[in-house]
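What follows is calculated from the coordinates using simple rules that are stated; it is not laboratory data. Just so you know, these numbers come straight off a predicted model, no measurement behind them. Please note: Cβ atoms are built from the backbone with ideal geometry, for glycine as well, and neighbour counts cover all protein chains shown.
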Amino acid sequence: MSTFLCEILEKNCALCYYIRIKVILGAVMKTAIAKKGAYGEKYPLGDSQNGGETQRKSCFSLAYTDTTLRIKIECEVGDKLHCPYNGYNEPVWKGDVAEVFLMPYDDEHWYFEFNLAPNLSCFYARIYNSDGYTGYNRMIVDAGIDAHSKILNGKWTAEMEIPFETMLNKEDLDKFKTLPWRFNVFHIDHELQEHASYSPTKTKNPNFHVTSVFAKLIFE
């Protein structure tokens, strides 16, 4: 039997008062497994809003070491890759981009966003999310993230190796496997204006900051 969840969220602010009703029908949290050493299973992405198929396929796989989380995102691409920036911590989501959002702790207000463009332009930040729907850049992070980008035969491969010390409190580094990790993976195809994700957000417009749909990350 499908699950029906209806949550009424009341919010007051200086400029407005509104009631938002959030309905999730048949909600099941997706999961993905990170393997130690080599990359494991390839998980497909779908339309970020409804989970349907996209014109160009993309997928990701995960791995880890004792000190880092590794993610590889593979995307079919056309001949018109759009990379409007060429630097560090630029708004690369305005072009072609691969993204992973990581939430190591059981707090939907705080998580990390790691974005990589085909030309290695990037955006890495710790995000504050006040309402489970809107992300605010609170702190740029830079802790030795190793990033690679390769384009070959109509496929773009983006890889990021992210140190756990970038995301975790010092006392949690040795027990990272036991933390309640949640995450989502995204790809923007600028030419087709396609927005893909692992766990669909069920929103009217593309929005990658819906924390309630983040998937569960398991270290095996």
Task: Loop GluC sites (Glu not before Pro), region 148-219, which have at most 16 other Cβ atoms in a 10 Å radius of their Cβ (DSSP) - done: GLU191
Task: Dipole moment magnitude, nearest 20 debye, the chain about Cα centre, only Lys, Arg, Asp, Glu C-beta charged - done: 360
Open item on the list: Test of understanding: ordering MET160, MET139 by Cβ neighbours within 10 Å, fewest first, what list do you get?
Closed with: MET139, MET160
Open item on the list: Looking at the chain as a GNM with Cα springs under 10 Å, which of ILE188, ILE71, ILE140 has the largest mean-square fluctuation?
Closed with: ILE140
Open item on the list: Can you tally the net charge around ASP189? Count Lys and Arg as +1, Asp and Glu as -1, for every other residue whose Cβ sits under 14 Å from the Cβ of ASP189.
Closed with: -4
Task: Among HIS190, GLY95, GLY132 - extreme Cα towards positive end, dipole of the chain, charges at beta-carbon - done: GLY132
Task: Cα-only Debye scattering, the chain: base-10 log of I(q)/I(0) at q = 0.10, 0.11 Å⁻¹ - done: -0.44, -0.54
TODO: Please give the FRET efficiency for ILE151 paired with TYR88, using the beta carbon to beta carbon distance and R0 = 25 Å, rounded to the nearest 0.05.
DONE: 0.80
- [ ] Determine ³J(HN,Hα), in whole Hz, for all residues of region 145-153 in sequence, where each value follows from phi through the Karplus function 6.51 cos²θ - 1.76 cosθ + 1.60 and θ = phi - 60°; x replaces Gly and Pro.
- [x] 6, 9, 10, 9, 9, 9, 10, 7, 6
Open item on the list: Once R0 is set to 25 Å, what does the formula 1/(1 + (r/R0)^6) return for the Cβ-Cβ distance between ILE218 and GLU108, expressed as a FRET efficiency to the nearest 0.05?
Closed with: 0.85
TODO: Loop only per DSSP, at most 16 neighbouring Cβ atoms within 10 Å: give me the trypsin sites (Lys or Arg not before Pro) in region 117-220, ordered by residue number.
DONE: LYS204
